[in-house]
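Some notes on the structure that comes next.
The values are calculated or read from the model by the stated rules, or taken from the named source; none is laboratory data. If you're wondering where the values come from, they're calculated on a predicted model, not measured in any experiment. No Cβ is skipped: glycine too gets one built from the backbone with ideal geometry, and neighbour counts run over all protein chains shown.
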Amino acid sequence: MGRMSQSVGPNIVSAATGAPVTTVIVLQAVILRNMVGHEHGEQRFGVAEQTAEWDARYSERDGAMWSGRPNGRLVAEVAALTPGRVLDVGCGEGGDAIWLAQRGWTVTAIDISDVAVSRAREAAQLNGAAVEWVCGDALQVPFSARSFDLVSMQYPALPKAAGEAAIRTLLNTVRPRGLLLGVYHDLDDDHREHMKARGVDPADYFGADELVRLLGDGFAVELHAVEPRIDPPPGTPHIADIILRARRR
């Protein structure tokens, strides 16, 4: 959830969704706008409203919205790690969580959309993957502190309205010597203006730089850089990612 894309030609089809890229862009913009919930004086949406919005968007397609494949950067960063306990934040329809479970990780995966989690659960059953699925807001569900060897956030949409304390609580779920892996789209100025024109200001969400600040002295940042995107969908304007990998001291 929470991926942001720039508009391109209507005949280009997303490899992740099978839908025209412009359709995906509108979908993402509307979802993120409603998560912020203040455009034109609207009241900020609570968890129930966000859940309903995400469920409605996922339900616009009879089948899966995403490809079911794991994110390429996750694969590159995690494939060589010794499996442990992992929290997949914003798991969507479960592509990352299933891939992790198949490689021996003990996976807890959370998403705010019941429709997405239901699809993820079905996909896991078909693939014989054991995953603990949680439908809820990752910034509100009380996961135990220092309980995960890896916390994965692939293109997260974490609203600043939730407050820094909620982010710190989520970061505190990483065990000592465990890893936080955050992957973000590298947005240029044109893309930011495009999103703002659709009612979505990327500045309303915690980005990699803010996460680095909130990590404080409790984490050692191993990587904070722009890297080429791995296996991007054809025609996507997102050809680079911001990678944040930090190890808890």
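Would you check which residues across the range 192-219 are touching a Pro at 6+ places or on another chain (Cβ under 7 Å) and either surrounded by fewer than 15 Cβ atoms within 10 Å (Cβ to Cβ) or not aliphatic (A, V, I, L, M) (or both) and list them?
Selection gives 192, 204, 205.
Determine if the range 174-194 includes at least one residue that is in contact (Cβ under 8 Å) with a residue 24 or more places away in the chain, of a type in the set (Asp, Glu) and not in a loop (DSSP other than H, G, I, E, B).
So far as the range 174-194 goes, yes, one or more of its residues are in contact (Cβ under 8 Å) with a residue 24 or more places away in the chain, of a type in the set (Asp, Glu) and not in a loop (DSSP other than H, G, I, E, B).
If I ask for residues that are surrounded by 17 or more Cβ atoms within 10 Å (Cβ to Cβ) and farther than 19 Å from residue 74 by Cβ, which ones from the range 220-249 would you list?
237
Just the residues that are part of a strand (DSSP E or B) and within 17 Å of residue 160 (Cβ to Cβ), please, taken from the range 195-241.
Selection gives 205 alone.
If you go through the range 143-159 one residue at a time, do you hit one that is surrounded by fewer than 17 Cβ atoms within 10 Å (Cβ to Cβ) and either modelled with pLDDT under 95 or under 17 Å from the mean Cα position of the chain (by Cα) (or both)?
No, there is no match, as no residue in the range 143-159 is surrounded by fewer than 17 Cβ atoms within 10 Å (Cβ to Cβ) and either modelled with pLDDT under 95 or under 17 Å from the mean Cα position of the chain (by Cα) (or both).
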